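The values are calculated or read from the model by the stated rules, or taken from the named source; none is laboratory data. Every value quoted in this text rests on a predicted model; they were computed, and no experiment measured them. For neighbour counting, all protein chains shown are included, and Cβ atoms are generated from backbone atoms with ideal geometry for every residue, glycine included. Just so you know, the surface numbers come from the protein's heavy atoms only, side chains and all, with ligands and any DNA or RNA stripped out. Shrake-Rupley method; radii C 1.70, N 1.55, O 1.52, S 1.80 Å.
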Amino acid sequence: MKPTRISTTLGRPETTGWPAAVLFDRDGTLVQDVPYNGDATRVRPVPAAEAALGVLRRRGIPVGVVTNQSGVGRGLIDERQLRAVNRRVEELLGPFDVWAICRHAPEDGCACRKPAPGLVLEAASRLGVSPAEVVVIGDIGSDVEAARAAGARGVLVPTPVTRQEEVLAAPMTAPDLLTAVLLVLGGAR
């Protein structure tokens with residue numbers, strides 16, 4: 001394993017080739033997708049989520065979540081429920097360095113809702129890194145498109161809901177979350 005030296009000014013690894021940060025979609029990527037989930041007891045990590053995050057954290061690479069939560073904008077869940085679900089994600093998977101959340105409904109036409117780049121740009125800015133040094137890992141095409149639109153790299157981890165055309169259009173795919181993380185680290189173990 002390559003040694004990693006942590007910069008005290010940037011708070012990120014100075015190892016060539018590794019991303020400055022890795023951002024994850026929440027539902028369907030880090031945790032099982034429960035549409036418009038407002039119930040923290042229904043949060044279940046996907047297989048290998050904890051291991052994938054551990055690989056990044058041990059290397060000092062910041063991790064974050066970029067998630068569309070239109071249930072808030074549609075009035076299906078409230079802020080309290082959203083916060084409870086996000087707290088449960090962190091209880092199960094550990095703390096994230098940044099959360100960027102779009103609460104708008106699709107028809108609101110915001111600049112943050114994926115596939116727009118707003119969430120990726122916000123997370124990169126809050127972490128103090130260039131979007132070009134960021135990797136976004138998600139389970140559907142809008143996750144990869146948001147990465148591309150922001151100038152970041154995207155990795156698709158298909159699930160049964162991922163459309164075939166999204167898989168074909170993705171610049172990089174992986175069969176699971178741990179493999180995706182190892183790919184972006186250049187095969188580091």
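Here are a few things to note about the model shown:
- Across the alpha-carbon atoms of the chain, the computed radius of gyration and Dmax are 15.6, 48 angstrom.
- Shown in residue order for segment 52-58 are the 3J(HN,Hα) couplings computed by the Karplus curve 6.51 cos²θ - 1.76 cosθ + 1.60 at θ = phi - 60°: 4, 5, x, 4, 5, 5, 5 Hz (x for Gly and Pro).
- Those GluC sites (Glu not before Pro) in segment 13-106 that DSSP places in a loop and that have at most 14 other beta carbons within 10 Å: GLU14
- Per residue solvent-accessible surface (Å²) - the chain, probe of 1.4 Å: 47
- Each listed q (0.16, 0.22, 0.23 Å⁻¹) maps to a log10 I(q)/I(0) for segment 99-188, found by the Debye formula over equal Cα scatterers with no solvent: -0.63, -1.10, -1.16.
- Residue among GLY118, ILE61, LEU93 farthest towards the positive dipole end of the chain, charges placed on Cβ: ILE61
- Over the chain: helical MRE at 222 nm, DSSP H runs n ≥ 4 each giving -39500 (n - 2.57), nearest 500: -9500 deg cm²/dmol
- Principal-axis tilt of helix 141-150 within the chain, Cα atoms, nearest 10 degrees: 60
- Most to least packed among 160-171, 51-62, 97-108, 33-44 [average Cβ atoms within 10 Å]: 51-62, 97-108, 33-44, 160-171
- On Cα atoms only, tilt of 118-127 relative to the major axis of the chain in degrees: 40
- Point-charge dipole on Cβ atoms (K/R +1, D/E -1) for the chain, about Cα centre, debye to 20: 580
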